[in-house]
Amino acid sequence: MLGEYGIEGRRATDIAASVERAIGSGTLEPGELLPPLRELAKDLGVNPNTVAAAYRTLRDRGVIETAGRRGSRVRPRPASTAREAIRRDVPAGVRDVASGNPDPALLPKLGPAFAAAGASYDERPLLYGEETVDPQLALSARASLDAAGVPAGPVAVLSGSLDGIERVLAAHLRPGDAVAVEDPGWGSLLDLIPALGLRAVPVALDDEGPLPEAVERALQDGARALIITVRAQNPTGAAVSACRAQALREVLRARPDVLLIEDDHGHGIVDLPPHPLAVVAGHWAFVRSTSKAYGPDLRLAVLTGDATTVDRVRGRQRLGPGWVSRVTQRAVVHLWSSEGPEPAGVGRSYGRRRDALVRALCERGIEAHGRTGMNVWVPVPDETGAVSRLLHAGWAVAPGARFRTASPPGIRVTVSALAPDDIVPAADAIASAVAPPVPGRRYD
C-alpha cells in the first residue's frame, strides 16, 4: 500500500506533507480515495490518532475532504492545485480568449506615474515607523467611495483584491466556518477558501447578482460570511442592480452577525454605478483593485470597512509585509489625477465588444451572459467537448470548471482581445461547438 500511495512519515506533520507531495507529483489524483485511517496507521507503524491528526490538518488546508464511513479522499480541486491549472496551453495560431486579461491598449502608461512617484520619494523617503497609507491616496479613495455610497470607514491598502479578502476572512473566521460565495464565481477565491480551512457554500446568481433566496438559504445553513462581486462578476459579468441590492439588504438586515465582503474589482472598467450593501452590515469590507483598470502587475487594492475589521487587517499586515510600497501608492494617486483612458470610455469599449458577442450568440440561438466587464459566460451541455471543439476551430476559451462549484457547465470568453471583425467568426465557432447546426438557419 505504501508503494501505491507514496505516503510515509512517523509524525502527523510528516504524513500530511507526504500526502501533499503525492498529490503534487500526481501519485494521488484529485478525487482519489485515501487509505482508511487505521489501515494506514498499521502500515506506518504509528498510533491511529497520529494519522487522524494528519488527515485533520489536510482537511483544514483544503487538500482532502472526509465523508464519514465513506472515508477520506483528495478534493476534486485540492487547494495545493490552483484552478488556474484547469486550462489548456494555447497553441500557435489559436486565438486566446481565455486569459481574463484586460486589453493592453486600454491600459494607461505607468512610466510617467512611477517617475512622478519616484521624484516625490527622492524628496522625502518613507522611513520605518511612519504612516503606511499615503494620505493623498486615502483622501482620493475615500472621496470616490463616498460618491459611490460606500459607508464611512478607515482605509487600508493591500496587494490586490484577493490579499484584502484573505485578510478580512482571517480577521473574523476560523477553520471550519462556512462562507457563502457566488457560483459560478472567481476561481482564485474558490481556491482561497478551502486553503484557509473554510467551507464554501455556493450561491446561485443571475445577471443582477446573487439571488436573495439563495443567499438567505446559505445563511440559514450556517454561512458566517458572504462575498459578493459588485460589478463585472467573474465569470458571468453580473452586476448588482439597485433593485437586487435592496432585496439583498433586506436579507442581510436580519443577519447583522454575518461578515459581508464586497469586491469591486471592476472599478474603472465598468460604466454602471455600484450599489453597495454594507449600509446594513455589522462587520463589513469593501475592496477595490487597480488591476483591471491600470494593469495586473500594479498589485494594489484599496480596502475600507468597519473600524474593527480594518484595524485587524492593518494590524496583521504590519506583522507580515508591513505595507504596500508608498512609491506604488503615489503612482496610483498620479494615475487617478492625470489624463489617461477615461473609465467611462473604457467601460463602453468593453461593453461594445461584450454586447456584440452576446447579441451574435443570441441570433444563433445560444444563451450567453455578460452584463458588465470583459467576460461572457456561455452555458454549455458538454463543457469538455465545447472547449476541445473550439480549440480545434482556432479559439481557446476558459473551461467553466475553473469557476464552478455546483452550477451547470459553461465556458468563459474574454472579449478584451476581440476586434469588431472578430465577433461573427467567434460567435460562429462558439455556436458550432456548443450546439449542432440547424438545417436552413441563416445568421446574416
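Of ALA143, VAL230, CYS362, which is farthest towards the positive pole of the chain's charge dipole, taken about the Cα centre with +1 and -1 on the beta-carbons of Lys, Arg and Asp, Glu respectively?
VAL230
By how many nm would the segment from ARG352 to GLN220 grow when fully extended, if each residue of separation counts as 0.36 nm and the alpha-carbon distance is taken off?
Here the segment from ARG352 to GLN220 would lengthen by 43.5 nm.
Where in the range 258-277 is the amide nitrogen less than 14 Å from a point lying 7 Å along the Cα-to-Cβ axis of ALA147?
Output list for this probe position: 267-274.
How big is the chain in terms of Cα radius of gyration and Dmax, in angstroms?
Just the Cα atoms of the chain yield Rg and Dmax of 23.4, 73 Å.
Net charge near VAL380: determine it from the other residues with C-beta under 15 Å of the C-beta of VAL380, scoring Lys and Arg +1 and Asp and Glu -1.
So the surrounding residues net to +2.
Would you mind calculating the relative contact order of the chain from Cα pairs under 8 angstrom and at least 6 residues apart, reporting the percent as a whole number?
Dividing the mean separation by the residue count of the chain yields 18 percent.
Return the distance in nm (one decimal) between the two label points of a simple spin-label model at GLU29 and ARG389, each offset 7 Å from Cα along Cα→Cβ.
The modelled label-to-label distance comes out at 2.5 nm.
Evaluate the charge dipole of the chain about its Cα centre and quote only its size in Debye, nearest 20, assuming +1 on the Cβ of each Lys and Arg and -1 on the Cβ of each Asp and Glu.
Approximately 720 debye in magnitude.
What residue among VAL302, LEU319, VAL251 has its Cα farthest toward the positive end of the dipole of the range 111-337, where the charges are +1 on Lys, Arg and -1 on Asp, Glu, each on the Cβ?
Looking along the dipole axis, the top candidate is LEU319.
With charges set only on the Cβ (+1 for Lys and Arg, -1 for Asp and Glu), what does the dipole of the range 111-337 come to about its Cα centre, in debye to the nearest 20?
500 debye
Neighbour counts of other C-beta atoms within 10 Å: give me ASP306, ASP146, ASP297 arranged from fewest to most. List each step's numbers first, then the result.
On the way: ASP306 20, ASP146 12, ASP297 7.
Final ranking by Cβ density, sparse to dense: ASP297, ASP146, ASP306.
If Lys and Arg each add +1 and Asp and Glu each add -1, what is the summed charge of the other residues whose beta carbon sits under 11 Å from the beta carbon of GLY347?
+3
Report, largest value first, the span of the C-alpha coordinates of the range 149-298 along each principal axis, in whole Å.
Answer, in whole Å and largest first: 39, 34, 30 Å.
For the range 129-188, state the average projected area of the convex hull of the C-alpha atoms over all orientations, rounded to one decimal in nm².
Averaged projected area of the range 129-188's Cα convex hull equals 6.2 nm².
Report the net charge of residues surrounding ARG174, where surrounding means a beta-carbon distance below 15 angstrom and charges are Lys +1, Arg +1, Asp -1, Glu -1. All intermediate terms of the calculation are to be shown ahead of the outcome.
Numbers: positive: ARG56, ARG59, ARG61, ARG167, ARG199, ARG224, ARG312, ARG316; negative: ASP60, GLU166, ASP177, ASP257.
Spelling it out: positives minus negatives among the neighbours equals +4.
Quick one: Debye curve from the alpha-carbon atoms of the range 2-74 only, equal weights, vacuum; give me log10 I(q)/I(0) at q = 0.19, 0.26 Å⁻¹ to two decimals.
Summing over Cα pairs of the range 2-74 leads to -0.66, -1.36.
Which Cα, out of PRO112, ALA386, SER432, lies furthest along the positive dipole direction of the chain (beta carbon charges, K/R +1, D/E -1)?
Result: ALA386.
What distance in nm separates the simple spin-label points at ASP382 and TYR121, each placed 7 Å from Cα in the Cβ direction?
Output for this residue pair reads 5.4 nm.
Kindly write out, for the range 285-293 in residue order, the coupling ³J(HN,Hα) from the Karplus curve 6.51 cos²θ - 1.76 cosθ + 1.60 (θ = phi - 60°), rounded to whole Hz, with x marking Gly and Pro.
Here the 3J(HN,Hα) series is 8, 10, 10, 10, 9, 9, 5, 6, 7 Hz.
Using the 10 angstrom Cβ neighbour count as an exposure proxy, how do ASP191, ASP122 rank, fewest first?
Details: ASP191 22, ASP122 8.
Ordered by Cβ neighbours within 10 Å, fewest first: ASP122, ASP191.
A short reminder: the numbers here are calculations on the coordinates, not readings from a lab. Given the structure is predicted, the values throughout are model-derived calculations rather than measurements. Neighbour counts are summed over all protein chains in view; Cβ atoms, including those assigned to glycine, are modelled from backbone coordinates with ideal geometry.
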